[in-house]
Amino acid sequence: MTVELTLLPAGTSADHPETLDAYQARGGYAAWRIALGRGDPQRVIDEVQRSGLRGRGGAGFPTARKWSFMPKDGHGPAFVCCNADESEPGTFKDRRLLEATPHQVLEGLLLACYAVRATCGYVFLRWEYPRAARAMQAAIDEATQIGLIGSDVLGTGYSVEVRLRKGAGTYISGEETGLLETTEGKRGWPRQKPPFPAARGLFGMPTTVNNVETLACVPVIVSEGGEAFAAIGLPGNTGPKLYCLSGCVRRPGLYEAPMTVTLRELILDDRFGGGVADGRPPKAVIPGGSSAPVLRAEEIDVPADFDHLQAAGSMLGSAGVMVLDDRTCMVRVAANACGFFDHESCGQCTPCREGVHWVRQILDRIESGRGRPGDADVAIDRLDAIAGQTICPFGEAVAWGVGSIIRKFREEFDEHIRLRGCPFPAWGFRSNGS
Amino acid sequence: MTHLPGPIFNAPGRATADRGLPTPAYDTPRPGPQKEKRLSARPTFFQRLIVPGLLRTWWSGVRHIWQKKLTVQWPEQVREVSDNYRGVHRLNKDDRGRMKCVACFLCQTACPANCIRIEAGPSPWPDRPKYAVRFTIDELRCVFCGMCEEACPEDAIELTRIYSLVGTRRDEMLFDKEQLLTMYDLTRDEKHPLRW
Amino acid sequence: MSDVRLTIDDREVVVPEGTTILEAARSVGIEIPHFCYHPGLSAPSNCRMCLVEVQGQDKLVPSCATAVADGMVVRTGTPRVHESHRSVMEFYLSNHPLDCPVCDQAGECVLQDYSYGWGSATSRFEETKVTQPVKDVGPDIVLYADRCIMCTRCVRFLREVSGTGELSVIHRGVRSEIHVAGDRPVTNPLAGNIVDICPVGALCSKDFLFKCRVWWLTSTASACPRCARACSIRVDSSEGRILRIKPRENAAVNGMWICDEGRFAFRQWHGAGRLDVPLVNGDRGFTHCDWDEAIALAARSLRQVAMRYGGESVAFIGSPWATIEENMLLARLFVSLGATMGSLWPAPAESPQRFPGFEISGEKAWNVAGARRTLMDVAGQLLTLDRLADEIERGRVRAVYALGGAYRGALVPCDDLGLELLEFFAIQTCFVTDKGLKANLILPGASPYEKVGTVRNERGVLQEVNAVMSPPGQARRDWDILMALAKALAATVDDDLTRAVLDRPAAQWNYTRSASGNE
Amino acid sequence: MMIAINLVKVLIVFAFVQAMAGLTLWAERRLSALMQDRWGPNRLGPFGLLQPLADSVKLLLKEDITPQGVDRLLYYLAPAMSLAPALMTVAVVPFGEPVTLFGQYVVPLQVADIHLGILFILAVGSLEIYGIVFGAWASNNKYSLLGGVRSVAQMLSYELFMGGSLVGVVMLTGSLRLNDIVASQQHLLWGWLPAWNLFRQPLGFVVFLVAAFAETNRLPFDLPESEQELVGGYHTEYSSMKFVMFFIAEYAAVFTMSALLATVFLGGYGLPGLSVAECGPVWWLPVAQAAVFLTKTLLFVLLFITVRWSLSRLRYDQLMRLGWKVMLPLALLNIVVTGTLMFLWRTTG
């Protein structure tokens, strides 16, 4: 019996975390046993290599390649971190995985640990996911109890332990190096790269950081074989993918689909979103969480995969697809997103710390009717000045996410400034108080 | 205007006129017929006599005895100074009556005569960290150049139009903070339209 | 470590492997602007000011955190780099209060300097500035959080050098703030250094606050007299008053830091209570006298004792607060009189304090090593004070002449010396207290900040010290007093010695047969 | 009684001359101011007349500084030696016809009626140079010394033709006595022109006037104290009372020289028709004559002052050239012409 090639197996739900028994009943930990049984970590990497699995956290970096960066002859400790700090607005796929199928994630983590010869796996969970934390902790405990985790696992001589860390609720802890800092117990401030985590990561040791969904895919790949995984979707964008559909859509929620699905299908198809709410026409779609550049309605006939979205000027990111209908004020959206980023900027690098706050104030001013001609240009200029200047990709996230809204819906910004208020009745017409 | 020949003689006001600047009042030629005068290198016989020349020179001085006098008979007559006259300093107050000065020492730094001396201290008001505990200007040393005014980032020091500055002892002319603030009260309504 | 060859701004640079681009550029005189980088601390590269262009990299790289690589081609002056500087400066200045007029850092402020280079005279920032409070972070340090640029040098210093970690960053983003827990103020003995390394006027010394604008300070290079480490310092004074002391970088002595004891050591000698007239002990107790009388009295008394009991009955005591030259002159002068017994006041001893990145010596005087070695070299032997006391008791020593110069509260320990048995005791010192001295003659000497000379620290490093000011009142430099005494005694003082002292720098002077620099 | 009357006369004349010196000083200050479009001292007393008094008080109260290294005797003597000749010269100047007091004493209105009056004036006037030279030498100051040296050279040069210019007058009068000289100018020429020497000796007048300016060290011949070059010339090192004496000496000299000019060239106290011979011994005559004398004198004082504030100083070489190459020949020419004319006059009747 094998695990189904899906991340949302039937019978699992977020309300009841899958128990060890239930997981094993549907073929859980088979992959773990297989991998250990083969006795060669490189074969895990090879299998993942064949599957074409790309990181689901946002960047879409090939997982096998990431693992191969880890030193093969490491003597000291090495770590794998499971990045469960799912903070991107519009994204909730990891939460479902952690809450419903914690063992699958855990098994993926164990396999990753084995593949990179890590001595310890860390699950870094955001503080806002208490249910997931409980489920994950229970899963770790159960697995430890039956000897799937611990020293000399299943008599293979491989020792591994898994620890759960809870963050304090910052967006930036979801960034690879910020996560490492937080896991170490420090302030969640990203580190300058290089050195990359594979060389010097957690506690200064070689470390690999993988997304929850990525890890959840690994057991399937190992047990079913990489080819089976690669058969789903197109080459380069293989495997099942979880899409978080939210916003002005009739049926928001988490949907699994191969990456051949287009954004329009995701929104309009009855299997997924079922159309824009209230039958309105869509105005814009943000395909990958608020840091992904926005797409106008006419640009959404594009497969929701890594490469096509990049070609369309956006990115898959965390696959948090947010749908905005024609009643939505894009200035408001930009101001809201920027407000989020301003709140979550860690404050370490100057451009991001000062710039995001600056742009946020400009956008708030425009939205509340106190905008001046030229404000949008200053905002774009400042956003461009942030991109590429910061330690972590947060700067780019702001610049791309917010910047694309201003660029693509510039006429709305100019309209706000001209009218000295917001013309969208949904938000009420607010003038500058005169 | 008649241009006098020769390289030595330059018609008054010519340089400025050539540059297109307005001719200063004192250079304005007297009304009346302008006779072209020639000065040859060799003096004429008449000039060689000297005595008539001497008499003319003497007369040119004597003539002034009954001409209009320029002296202003202070204090009976008070001279009207221009709006941007630079006289005694004042330390400005803000609208709450507090000294504007934040003791940045820029006036002291800018002062070419070294006549300003400030001692700074923590301010008693919450809106600024620092203020001048002592502020002394040696009006005797001051050259009234106005650099302090230029340097001040707070518009806290200004030169008033008061020019009758007298005292009988040197230490009277060391104006302290209170005196300088009093100068502000005395000249509160004055405007300096030309300086800002 | 092997050397790496790279090109910075078309200049070939060879530096050891592991050097950062910023340091490599610095080694050839190319200054890359930076805020958060400090040579004594780790480099988080968070200020983003030091970004430079490296050929083959599409993003600008932080030069403070990027190690050089062979064949690397770095450009620090391209339009793109300048644009980056300009952009970062605009970000910095957007929320900065721009209160340079009232900021103590103005004039030595890095932010100010860089805004001349890359700042703009006008601002596009029309929003509300984030305002932050003024915080009392320690007994001598105040934080103007508004001016902070979040370079975190202070935080890193307290974690990496003093190891105390009192400061940390709280809040996020633009509201980030350097913070100190109320019950754990910055009190560690190295705290003052965070004021020095703060590139802007955020951390200010309360002692120096509002005292003087920095452009009126005169800086004098000297050494710290407070302990035997004799840290290299820069004494900033104005109108003859010491206003602050800052460390000078000297890898052989103190690295980049000094301790707060040394930073405020000038208070120990400054102010009221300094002895500023010669005092002679007569029938009516101590009375003022003028210098000619004082020197004549000393010369007469010393000659009398030497004639009556022989030159060896005159002893001298050197001082660890005096310079090498002064101790040497003392010893030579008395050896030439026939003296054979010399001693050295001990420096007050405390236990040394060790920190992860610094160490404070327990011997509380700067020239202990130098004085001891000099006196030994000249006199051949050096008695302990106890031995000297024995000799006095046995009547073999009848007159003692001593250098002093100790700071307030560390008077020379002459209580057990049996001074009442002596026929003549004179001392050059800075302070007299009632407990004080049973001396016949007390001559007002100079504090360490008023001297010129050389000191040798506990590690054997010779350092030149320079006078910041003149001694108060009639007090004189100890060297001058000894020279006057030598003249009155008609003693010949070695020409080499005087010349050596007069010819600066003394640190290069091979002053004894065994001087060998670092031991 | 005669002695008493003479003593009173001496006192009155000397006091008057000194008062006039003060007045001259005031006039100089006012006139100079007016010529420069200023008002001058006008605060103290009517028209600021008390200003010289206040100045004297101020100067008297000032510290009397004696610089180091001065030749004390000469240093102290010099101001007095400068003032005395100026006062002495005026002794021979008559300011009216003799009056008869108390019916018995015939009193000449003149301190001393010397037969060689002109010679006396020239001789005593020359003594003034000693005050200047002594002061200059004694001051131990190079500027002072330079001033002194210039002064000597200037005096030597100008004394010569000053005397020469008066020879014509003496030839006409046939006497060196000033009373005679005045008396000889009391008639009218051709019935309408006063027979003043100004008209009879125009060349002599001009030459004497020039010499007079030089003798009093006034502009345009004030080389001895030319401020721009020599600080203050011979009196650079003098202060307080001693400076006052130099100061008074200068103005006394101006007044005296004016009196002399008035006497010798402007008919002195006389006006045509204003004499005992024509009016009889009326009481107001001496007063009127004194007033006439004073008026003429003051005219010259005004000339001295206005010249100072309108003409510029000669260069030293120009001064010398003027003295030796212009004025001296002119003076000699004057003698020759006068002599020739007199000879022709006599012979032709």
>> What's the ranking of C:268-275, A:172-179, B:165-172 by average number of surrounding C-beta atoms within 10 Å, highest first?
In response: A:172-179, C:268-275, B:165-172
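Of all the C-alpha pairs in segment C:47-101, what % are more than 19 Å from each other?
Percent of Cα pairs beyond 19 Å in segment C:47-101: 36.
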>> Please list, short to long, the whole-number percent of alpha-carbon pairs of segment B:69-196 in consecutive 5 angstrom bins beginning at zero.
In response: 2, 10, 20, 23, 20, 13, 7, 3, 1, 1, 0, 0
> Contour minus end-to-end for residue B:82 and residue B:114, with contour as 0.36 nm per residue of separation and end-to-end as the Cα-Cα distance?
Replying inline: 8.9 nm
> Amide H neighbours of residue B:93 under 5 Å, counting only residues 5+ apart in sequence or on other chains, H built in-plane at 1.01 Å?
Replying inline: B:100
>> How would segment C:89-137 be classified by its alpha-carbon gyration tensor: rounded, prolate or oblate, with rounded meaning a/c under 1.5 and the a/b versus b/c comparison settling the rest?
In response: oblate
>> Looking only at the protein assembly as shown, where both bridge partners belong to it, what percent of the DSSP beta bridges are antiparallel (to the nearest 5)?
In response: 70
> Comparing the chain by itself with all protein chains present, which residues of segment C:160-206 are at least 30 Å² less accessible (probe 1.4 Å)?
Replying inline: C:169, C:172, C:173, C:174, C:175
> Hey, what's chain A come to in accessible area per residue, 1.4 Å probe, Å²?
Replying inline: 35
>> Once neighbouring chains are kept in place and the probe is 1.4 Å, which whole percent of the accessible area of chain C is contributed by carbon and sulfur?
In response: 49
>> Quick check: Cα centre of segment B:132-196 to Cα centre of segment C:1-42, how many Å?
In response: 52
>> Please compute the length gained on full extension between residue B:140 and residue B:70, using 0.36 nm multiplied by the number of residues separating them and subtracting their Cα-Cα distance.
In response: 22.5 nm
> Tell me, what is the FRET efficiency for residue D:324 and residue B:54 to the nearest 0.05, using R0 = 30 angstrom and their Cβ-Cβ distance as r?
Replying inline: 0.95
>> Please list, ordered by chain and number, the residues whose modelled amide H lies under 5 Å from the amide H of residue A:162; skip anything fewer than 5 residues away on the same chain.
In response: A:121
>> Quick check: Cα centre of segment A:65-110 to Cα centre of segment A:295-350, how many Å?
In response: 24
>> Using DSSP to call loops (not H, G, I, E or B), can you name the trypsin sites (Lys or Arg not before Pro) in segment C:197-232 whose Cβ has at most 15 other Cβ atoms within 10 angstrom?
In response: C:206
> Taking the simple approach of a point 7 Å from Cα along Cα-to-Cβ for both residue D:50 and residue C:415, what is their distance in nm?
Replying inline: 7.9
> Using a 1.4 Å probe on protein heavy atoms only, how many Å² of accessible area do B and C hide from each other, summed over both chains and rounded to 100?
Replying inline: 1000
> Expressed in nm², what is the orientationally averaged projection area of the convex hull enclosing the Cα positions of the protein assembly as shown?
Replying inline: 89.2
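Just the number, please: carbon plus sulfur as a percent of the accessible area of segment D:121-168, 1.4 Å probe, no ligands or DNA/RNA counted. Before the final figure, lay out the partial values.
Values: 1310 of 1730 Å².
Here carbon and sulfur together make up 75 percent of the probe-accessible area.
Over all directions, the average projected area of the alpha-carbon convex hull for segment C:390-430 comes to how many nm²? Please list the in-between numbers first.
Working: hull surface 11.5 nm².
The orientation-averaged projected area of the Cα hull of segment C:390-430 comes to 2.9 nm².
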>> Please compute, for peptide B:118-131, the average count of beta-carbon atoms on other protein chains lying within 10 Å of each residue's beta-carbon.
In response: 3
> Which of the chymotrypsin sites (Phe, Trp or Tyr not before Pro) found in segment D:81-166 are loop residues per DSSP with 13 or fewer other Cβ atoms within 10 Å of their Cβ?
Replying inline: D:102
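In square angstrom and rounded to 100, what buried accessible area do you get between chains C and A, total over both, with the probe at 1.4 Å?
2900
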> Where in segment D:159-191 does the amide nitrogen come within less than 16 Å of the point 7 Å from the Cα of residue D:344, taken along Cα to Cβ?
Replying inline: none
> Name the residues of segment B:129-150 whose amide N is less than 11 Å from a point 7 angstrom out from the Cα of residue B:166 along the C-beta direction?
Replying inline: none
>> Just to verify a number: FRET efficiency for residue C:249 and residue C:120, C-beta to C-beta distance, R0 = 51 Å, to 0.05?
In response: 0.95
> Which parts of segment C:66-83 would a label at residue C:14 reach, counting a residue when its backbone N lies under 20 Å from a point 7 Å out along Cα-to-Cβ?
Replying inline: C:68-74
> In whole Å and largest first, what semi-axes does the C-alpha gyration tensor of chain D yield when each eigenvalue is scaled by 5 and square-rooted?
Replying inline: 34, 26, 19
>> Between residue C:5 and residue C:291, what is the label-point separation in nm under the 7 Å Cα-to-beta-carbon projection?
In response: 6.3
> Which percentage, to the nearest 5, of the DSSP beta bridges contained in chain C is antiparallel?
Replying inline: 70
> Which of the peptides A:140-152, C:88-100 is most tightly packed, and how do the rest follow, going by the mean number of other Cβ atoms within 10 Å of each residue?
Replying inline: C:88-100, A:140-152
> In a GNM of chain D with a 10 Å cut-off on Cα contacts, which of D:297, D:216, D:306 has the highest mean-square fluctuation?
Replying inline: D:306
> Rounded, prolate or oblate: which fits chain C when a ≥ b ≥ c are the square roots of the eigenvalues of the alpha-carbon gyration tensor, with rounded for a/c under 1.5 and prolate only if a/b beats b/c?
Replying inline: prolate
> Using the scaling law 2.2 N^0.38 Å as the reference, what is the normalised Cα Rg of segment D:244-349?
Replying inline: 1.47
> List the GluC sites (Glu not before Pro) in segment A:336-396 that DSSP assigns to loop (not H, G, I, E or B) and whose Cβ has at most 13 other Cβ atoms within 10 Å. Which are they?
Replying inline: none
> According to the square roots a ≥ b ≥ c of the eigenvalues of the Cα gyration tensor, what is the shape class of segment C:377-458, taking rounded for a/c under 1.5, prolate for a/b larger than b/c otherwise, and oblate for the remainder?
Replying inline: oblate
> Using 0.36 nm per residue, how much length does the chain from residue C:69 to residue C:474 gain when fully extended, once their Cα-Cα distance is taken away?
Replying inline: 139.6 nm
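Give me the 1.4 Å probe accessible area per residue for chain C, excluding ligands and nucleic acids, in Å². Don't skip to the answer; put the middle values down first.
On the way: 20360 Å² over 519 residues.
That works out to 39 Å² per residue.
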>> 7 Å from Cα along Cα→Cβ at both residue C:134 and residue C:160: what's the point-to-point distance in nm?
In response: 3.1
> Can you give me the Cα centroid spacing of segment C:186-251 and segment D:286-304 in angstrom?
Replying inline: 84
> Hey, got the average number of other protein chain Cβ atoms within 10 angstrom for residues in B:57-64?
Replying inline: 6
> How big is the Cα convex hull of segment A:288-434 in projection, averaged over all directions, in nm²?
Replying inline: 8.6
>> Under 8 Å for C-alpha pairs, at least 6 residues apart: give me the relative contact order for segment D:191-349, rounded to a whole percent.
In response: 30
>> Can you report the principal axis dimensions of segment D:113-194 using only the alpha carbons, biggest first, rounded to whole angstrom?
In response: 59, 24, 17
> Whole-Hz Karplus ³J(HN,Hα) for segment A:320-330, in order, using 6.51 cos²θ - 1.76 cosθ + 1.60 and θ = phi - 60°, x for Gly and Pro?
Replying inline: x, 7, 10, 9, 10, 8, 6, 8, 7, 7, 6
>> Counting only protein heavy atoms, probe 1.4 Å: which residues of segment A:190-212 lose 50 Å² or more of accessible surface in the full assembly compared with their chain by itself?
In response: A:192
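The values are calculated or read from the model by the stated rules, or taken from the named source; none is laboratory data. Computed from a predicted model, the values in this text were never measured in an experiment. With ideal geometry, Cβ positions are generated from the backbone for all residues, glycine too; neighbour counts draw on all protein chains shown. Note: accessible area is taken over every heavy atom of the protein model, side chains too, but ligands, DNA and RNA are not part of it. Shrake-Rupley method; radii C 1.70, N 1.55, O 1.52, S 1.80 Å.
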